[in-house]
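Step one of this worksheet: look at the structure below.
The values are calculated or read from the model by the stated rules, or taken from the named source; none is laboratory data. Since we're looking at a predicted model, the values are computed, not measured. As a convention, Cβ positions derive from the backbone with ideal geometry for all residues, glycine included, and neighbour counts pool all protein chains shown.
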Amino acid sequence: MLCALPVAAQSEQRRLSLDECLTIALSENPTVKVADMEVTRVDYSKKEAIGRLLPNIDFGGTYSRMLAKQVMYMNMSGFGGAAGGDTDGDESQAPAGGGDTGIKMGRDNSWSLGFSGSIPLIAPQLWQSIAISDSQILRNVESASKSRQELVNQVKSAYYTLLLAEDSRTTIQESYDMAALTHETYAKQYELGAASDYDVLRTSVAMKNIEPEIIQADIAIKQARLQLQILMGVDADFVFSPATTLASYEDTMYGETLAIDADYSRNADLRLLDIDTRILDQTVKLQKLAYAPTLALSANYNWTSMNDGNPFKNLRWNPYSTIGVSFSVPLFSGGQRYSALKQAGIQAAEIRLQRENLERSISMQVSLAIDNIKMNVKQIASSSESVRQADRAHSIMSQSFDIGAASYLDLRDSELALTRARLAYYQSIYNYLVAQSSLELLLGNAPIEKYTAK
């Protein structure tokens with residue numbers, strides 16, 4: 001019963017296809033969620049820029065306490081010394097005290113409450129910044145799409161790695177079972193006196209030499225499953241197993257290879273650079289608009305009150321309001337606008353060169369990836385034939401061994417040859433699938449809608 005428990009637990013594991021894993025990853029992976037949140041954030045940034053075109057209304061109030069009132073002296077010449085004598089226009093001769101002591105201005109307390117508002121009427125730079133915000137939103141959308149395409153590639157690679165680990169584990173287990181069966185046969189023959197102790201020991205050693213490979217295969221399966229769980233954004237207790245094997249992909253690979261399209265115009269990096277070029281061109285225009293005049297409308301409506309003594313007594317509020325326009329023409333700023341314009345122009349020229357270099361690099365990568373896929377297809381065909389031949393050779397050798405026409409070494413050689421052929425076959429399919437996924441990422445044609453629509 002204890003031996004049957006692992007088998008029962010394994011049968012209860014959920015079996016997931018590649019499409020199901022991709023659907024889960026595109027809905028649960030934190031990287032995709034962050035990319036979507038960035039799109040929302042930039043959308044709010046655009047709304048912020050649009051808000052600058054709308055009226056800006058504030059309400060405020062001020063209070064000030066007069067500590068020392070301002071004193072005003074008046075020249076009273078021509079009034080017959082009515083204010084303390086004629087100084088002949090020389091205010092320095094005014095006495096510091098006595099008759100001409102000056103007039104103190106203001107009240108002890110000053111209050112002001114009111115509304116102020118402004119709205120830009122002509123703001124070329126602000127208009128251009130809104131256009132840049134549109135391009136920035138488009139860039140974040142494209143960046144989110146790139147994140148999804150990269151995630152699809154990573155999930156596919158991890159899924160194929162898990163398939164390779166499980167198929168390799170199955171192959172090694174079959175080799176172990178064959179070695180165990182041979183050892184059991186020699187053990188029974190030894191009990192009957194038909195085999196030597198050396199034959200039993202030799203078959204036992206051959207069987208135990210495979211056990212470390214089984215352990216390594218189990219570790220590889222665990223690591224591959226854990227990597228896939230991380231990419232899918234699920235917890236480690238979400239246990240599952242692949243719903244297919246590597247050999248099942250052999251039937252469709254020939255048609256997929258013939259249908260390969262080398263069009264890389266949808267490459268995410270190229271599209272991002274195109275948007276960046278557009279943003280920099282708009283930035284150059286923005287810097288040019290720094291020379292354009294601006295016009296704004298402003299209005300105020302306030303209440304003021306002044307009193308002496310207690311600031312909260314004898315308040316008399318008097319309203320007043322103003323409305324006006326402000327017109328500004330930039331003339332000279334020490335060459336700042338000119339330098340900023342030149343910097344933006346240089347950046348626009350740099351990114352065009354980067355785009356040209358990136359396109360050349362992607363073109364070469366696509367050509368190499370297609371050649372690699374075609375080479376892997378040929379290798380799969382060769383490995384498949386090698387597996388059939390090795391399996392047939394092992395079957396012949398096993399029958400010969402049963403009737404005593406072949407030695408154990410001959411049987412063991414055929415077993416090792418079959419194991420190596422199967423492992424090479426699975427490895428070649430894995431290499432093909434990974435190369436195909438990498439090409440899909442280069443071309444930017446991963447069917448994201450297929451996985452997100454479910």
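One table, with the values for the structure above:
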| quantity | calculated |
| --- | --- |
| Spans of strands (runs of 3 or more DSSP E) in region 57-123 with at least 1 residues modelled with pLDDT of 90 or more and within 30 Å of residue 320 (Cα to Cα) | 109-122 |
| Residue 251 assigned to a helix (DSSP H, G or I), without any contact (Cβ under 8 Å) to a residue 12 or more places away in the chain and either farther than 14 Å from residue 433 by Cα or among the charged types (D, E, K, R) (or both) | yes |
| Check on residue 363, among the small types (Gly, Ala, Ser), surrounded by 11 or more Cβ atoms within 10 Å (Cβ to Cβ) and closer than 30 Å to residue 59 by Cα | no |
| Residue in region 176-218 that is nearest to residue 418 (Cα to Cα), counting only those that are among the charged types (D, E, K, R) and touching a helix residue (DSSP H, G or I) at 6+ places or on another chain (Cβ under 8 Å) | 213 |
| Considering residues of region 323-360 that are hydrophobic (A, V, I, L, M, F, W, C) and in contact with a Pro (Cβ under 7 Å, 6 or more places away or on another chain) only, the residue farthest from residue 267 (Cα to Cα) | 327 |
| Any hit, region 175-184, residues being in contact with a Lys or Arg (Cβ under 6 Å, 6 or more places away or on another chain) and either of a type in the set (S, T, N, Q) or not in a helix (DSSP H, G or I) (or both) | no |
| Any hit, region 145-153, residues being touching a residue at least 60 places away in the same chain (Cβ under 8 Å), assigned to a helix (DSSP H, G or I) and closer than 13 Å to residue 46 by Cβ | no |
| Residue list for region 179-206, filter: under 52 Å from the mean Cα position of the chain (by Cα) and either touching a residue at least 60 places away in the same chain (Cβ under 8 Å) or more than 17 Å from residue 407 (Cα to Cα) (or both) | 179, 206 |
| Near pairs, Cβ below 7 angstrom, 6+ apart or cross-chain, from region 40-51 (within 13 Å of residue 131 (Cα to Cα) and exposed (fewer than 14 other Cβ atoms within 10 Å of the Cβ)) to any residue that is of a type in the set (A, V, I, L, M) and modelled with pLDDT of 85 or more | 50/130 |
| Check on residue 304, without any contact (Cβ under 8 Å) to a residue 60 or more places away in the chain, part of a strand (DSSP E or B), under 19 Å from residue 114 (Cα atoms) and more than 43 Å from the chain's Cα centre (by Cα) | no |
| Qualifying residue in region 187-201 (condition: on the phi < 0 side of the Ramachandran plot, of a type in the set (Gly, Ala, Ser) and in a helix (DSSP H, G or I)) | yes |
| Odd one out for residue 395, checked against (1) within 44 Å of the chain's Cα centre (by Cα); (2) assigned to a helix (DSSP H, G or I); (3) of a type outside the set (A, V, I, L, M) | (1) |
| Whichever residue in region 403-427 is aliphatic (A, V, I, L, M) and more than 17 Å from residue 181 (Cα to Cα) and, among such residues, is surrounded by the fewest Cβ atoms within 10 Å (Cβ to Cβ) | 405 |
| Criterion violated by residue 430 - all others in (1) exposed (fewer than 12 other Cβ atoms within 10 Å of the Cβ); (2) at pLDDT 90 or above satisfied | (1) |
| Close pairs from region 423-443: first under 17 Å from residue 367 (Cα atoms), partner surrounded by 23 or more Cβ atoms within 10 Å (Cβ to Cβ) and hydroxyl-bearing (Ser, Thr, Tyr), Cβ under 7 Å, at least 6 apart | 433/160; 434/160 |
| Test: residue 322 is surrounded by 15 or more Cβ atoms within 10 Å (Cβ to Cβ) and not basic (Lys, Arg) | no |
| Selection count where residues are among the aromatic types (Phe, Trp, Tyr) and touching a strand residue (DSSP E or B) at 6+ places or on another chain (Cβ under 6 Å), scope region 219-264 | 1 |
| Pairs where the first residue, in region 356-375, is closer than 26 Å to residue 428 by Cβ and in contact (Cβ under 8 Å) with a residue 40 or more places away in the chain and the second is surrounded by fewer than 14 Cβ atoms within 10 Å (Cβ to Cβ) and among the charged types (D, E, K, R), C-beta under 7 Å, 6+ apart | none |
| Per-region count, region 319-377, residues of a type in the set (S, T, N, Q), at pLDDT 90 or above and closer than 30 Å to residue 55 by Cβ | 4 |
| Extreme residue, surrounded by the fewest Cβ atoms within 10 Å (Cβ to Cβ), among residues of region 249-299 that are of a type in the set (Gly, Ala, Ser) and either modelled with pLDDT of 90 or more or within 24 Å of residue 134 (Cβ to Cβ) (or both) | 265 |
